[in-house]
């Protein structure tokens, strides 16, 4: 009985750690205003806001490949861990 209880407690603990890690990661869309390679920071303005945020880039992010423009960023613990440029909307081809 104690062994089963220990296994259940370990599983609950592991799931709670995963939930906390997922809660710390958020995705935001907006505009990248500037990229400063020397300091490793990105100036970002979230959609629907007028205030710019300066965020540090994580080591896993290749900051040299980040370009200013519309993008969706992933922020984990206050650091940018991913950038996905937003594609320009495609025009609809009007009927024949």
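A few points about this structure:
- Hits in the range 54-78 - residues which are part of a strand (DSSP E or B) and modelled with pLDDT under 90: 76
- Residue match in the range 18-39 (condition: surrounded by 14 or more Cβ atoms within 10 Å (Cβ to Cβ), assigned to a loop (DSSP other than H, G, I, E, B) and at pLDDT 90 or above): no
- In summary, residue 50 fulfils each of the numbered conditions (1) in a loop (DSSP other than H, G, I, E, B); (2) modelled with pLDDT under 80 with the single exception of condition (2).
- Residues that are farther than 18 Å from residue 86 by Cβ, in contact with a helix residue (DSSP H, G or I) (Cβ under 7 Å, 6 or more places away or on another chain) and touching a residue at least 12 places away in the same chain (Cβ under 8 Å) occur at least once in the range 56-65.
The values are calculated or read from the model by the stated rules, or taken from the named source; none is laboratory data. In this text the structure is predicted, and so the values were computed from the model without any measurement. Note: ideal-geometry Cβ built from the backbone for every residue, glycine included; neighbour counts use all protein chains shown.
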